[in-house]
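Scroll down for the structure; my scribbles are underneath it.
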Amino acid sequence: MASITMNNLVKKYDDGFPAVNDVSIDVADGEFLILVGPSGCGKSTLLRMVVGLEDITSGDLLIDGERVNEKEPRQRNLSMVFQNYALYPFLTVYENIAFPLRLAKGKFSEKEIDEKVRHASELLDLDDHLERKPGNLSGGQRQRVAMGRAIVRDAEAFLFDEPLSNLDAKLRGQMRTEIAQLQRRLGITSLYVTHDQTEAMTLGDRVAVLKKGRLQQIASPRELYEQP
Ligand code: ADP
Ligand code: ADP
């Protein structure tokens, strides 16, 4: 787990217009921070800058106090949980979770892999589903498999990019509850991007509101509710 510090982050794409404009946010160790705002406000760009998929034009990004602007995504060890979960349909749940460990060839013994997969699947309540394939799982279970992958890697933080936006309203509600509970249980630092006000107000410890690339306000849901 880790803190994430964004100091005056700026992102200019080729057209020179700042998609992210002087954003400073401190995400505490274990905090669940929501990034919310209308389409085009710079949420995804900011998330991609943090994970290392987008160069930082100016400003500093720190993980646990260490500047990581030039570090490769892999070295930052943050785990992106995508909308479509990016699971391998032909692999079992077990093998999907074990995948990042097998990628690090030779680094983990079979015994270590097995321990890590068991540990993650117990945390995520997936231990009864290890031999199933993703196609036979519910949306919630698939989401948990994706998170299991992040857990076995000992990722410093989870980054969610609108993970629920393709789901119908009912499932979205269930998943919202599930993600909130999981995050509290795991206590892992999380950045969660959404344009959905309900998600923003129910999920996180704090909500950062972006508008046209700028941080408009940052506060707990309660503080936001109580504003005139
Ligand atoms: P959001 O995630 O809030 O919808 P984005 O971060 O995707 O916003 O986009 C922020 C701004 O940056 C928008 O004006 C968008 O058009 C622009 N933008 C995003 N990606 C690129 C890109 N690869 N090249 C140029 N402009 C981009
Ligand atoms: P059992 O029926 O005794 O649970 P399994 O065949 O399920 O036996 O598992 C045997 C060993 O292989 C256990 O250590 C288990 O954790 C591990 N294992 C289970 N499924 C897989 C898998 N798909 N790939 C690799 N190892 C697995």
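Only one of (1) assigned to a helix (DSSP H, G or I); (2) open to solvent by 60 Å² or more (accessible area, probe 1.4 Å); (3) farther than 15 Å from Ala157 by Cα; (4) not hydroxyl-bearing (Ser, Thr, Tyr) fails for Arg74. Which number is that?
(3)
Among Phe82, Phe108, which is the only one that is within 16 Å of ligand 2 (Cβ to nearest atom) and of a type in the set (Phe, Trp, Tyr)?
The match here is Phe108.
Name the residues in the range 1-45 that are on the phi > 0 side of the Ramachandran plot and in a strand (DSSP E or B), would you?
Once the filter is applied, which keeps residues that are on the phi > 0 side of the Ramachandran plot and in a strand (DSSP E or B), the range 1-45 yields Asn8, Asp22.
Got a number for residues in the range 92-124 being touching a helix residue (DSSP H, G or I) at 6+ places or on another chain (Cβ under 7 Å) and part of a loop (DSSP other than H, G, I, E, B)?
Selection size over the range 92-124: 2.
Among the residues in the range 19-31, are any over 15 Å from Phe158 (Cβ atoms), away from ligand 2 (no atom under 16 Å from the Cβ) and without any contact (Cβ under 8 Å) to a residue 12 or more places away in the chain?
No, every residue in the range 19-31 fails to be over 15 Å from Phe158 (Cβ atoms), away from ligand 2 (no atom under 16 Å from the Cβ) and without any contact (Cβ under 8 Å) to a residue 12 or more places away in the chain.
Would it be correct to say that Asn166 is surrounded by fewer than 19 Cβ atoms within 10 Å (Cβ to Cβ) and touching a residue at least 60 places away in the same chain (Cβ under 8 Å)? Give the derivation first.
On the way: surrounded by fewer than 19 Cβ atoms within 10 Å (Cβ to Cβ): yes; touching a residue at least 60 places away in the same chain (Cβ under 8 Å): yes.
Yes.
Considering Arg149, Arg185, Arg153, which residue is closer than 21 Å to Leu124 by Cβ, open to solvent by 30 Å² or more (accessible area, probe 1.4 Å), away from ligand 2 (no atom under 16 Å from the Cβ) and touching a helix residue (DSSP H, G or I) at 6+ places or on another chain (Cβ under 6 Å)? Explain how you work it out, then say what you get.
On the way: Arg149 fails: away from ligand 2 (no atom under 16 Å from the Cβ); Arg185 fails: touching a helix residue (DSSP H, G or I) at 6+ places or on another chain (Cβ under 6 Å).
Result of the check over Arg149, Arg185, Arg153: Arg153.
It is to be established whether one or more residues within the range 35-55 are more than 27 Å from Leu203 (Cα to Cα), surrounded by fewer than 21 Cβ atoms within 10 Å (Cβ to Cβ) and within 16 Å of ligand 1 (Cβ to nearest atom).
yes
The values are calculated or read from the model by the stated rules, or taken from the named source; none is laboratory data. This one's a predicted model, so the numbers in the text were calculated from it and none came from an experiment. All Cβ positions, even for glycine, are placed from backbone atoms using ideal geometry, and neighbour counts span all protein chains on display. Just the protein is used for accessible areas: all its heavy atoms, side chains included, with ligands, DNA and RNA removed. Shrake-Rupley method; radii C 1.70, N 1.55, O 1.52, S 1.80 Å.
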